[in-house]
Amino acid sequence: RTKVGRRVYAYALAWPGRQLVLGTVRARPESEIRMLGYQEPLRWRQHPERGTVVELPAVLQDEGRRPCRFAFGFRIETA
């Protein structure tokens with residue numbers, strides 16, 4: 001993670017699956033969470049115990065449709 005202003009960038013070095021769980025990141029209620037290289041904002045929710053849970057779309061579960069093969073970056077607007 002890297003903090004830049006009111007944004008946090010998180011990187012996964014392997015495909016996270018259907019959800020990315022960020023235990024120490026709190027997104028603002030109106031924030032958009034985006035995966036770098038993917039056009040649409042991602043659905044997410046704040047879980048009281050697990051942290052920010054980001055849903056990864058079904059289309060990205062196909063390895064050939066992901067923006068990268070090696071690392072996956074996410075931009076989160078923080079509280």
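Write down the accessible area per residue of the chain in Å², having rolled a 1.4 Å probe over the full set of protein chains. Walk me through the numbers on the way to the answer.
Working: 5200 Å² over 79 residues.
So the chain comes to 66 Å² accessible per residue, rounded to a whole number.
Can you tell me how much longer the chain between residue 39 and residue 21 gets when fully stretched, taken as 0.36 nm per residue apart minus their C-alpha distance, in nm with one decimal? If you can, show how the numbers build up before the last one.
Numbers: separation 18, 0.36 × 18 = 6.48 nm, distance 2.04 nm.
The residue 39-residue 21 span can extend by a further 4.4 nm.
At a 1.4 Å probe, what is the % contribution of carbon and sulfur to the accessible area of segment 21-79? Could the numbers behind the result be given before it?
On the way: 1700 of 3640 Å².
It is 47 percent, rounded to a whole number.
Explain nothing, just compute: Karplus ³J(HN,Hα) = 6.51 cos²θ - 1.76 cosθ + 1.60, θ = phi - 60°, for every residue of segment 8-19 in order, whole Hz, x for Gly and Pro.
So the Karplus estimates, Gly and Pro as x, are 10, 10, 10, 10, 10, 8, 9, 4, x, x, 7, 9 Hz.
Please list, in chain and number order, the residues 5+ apart from residue 56 or on another chain whose amide H is under 5 Å from its amide H, with Hs placed from the backbone.
Amide H neighbours of residue 56, under 5 Å, 5+ apart: 19, 20.
Can you pull the percent of Cα pairs in the chain with separation above 22 Å? Don't jump to the answer; show the numbers that get you there.
On the way: 512 of 3081 pairs.
That tail contains 17 percent of the Cα-Cα pairs.
Obtain the nm distance between the two label points defined at residue 11 and residue 46 by a simple spin-label model: each point lies 7 Å from its Cα along the Cα-to-C-beta direction.
2.8
The values are calculated or read from the model by the stated rules, or taken from the named source; none is laboratory data. Since this is a predicted model, take the numbers as computed values, not measurements. FYI the Cβ positions are ideal-geometry reconstructions off the backbone, even for glycines, and counts take in every protein chain you see. Accessible surface areas use protein heavy atoms only, side chains included; no ligands, DNA or RNA. Shrake-Rupley method; radii C 1.70, N 1.55, O 1.52, S 1.80 Å.
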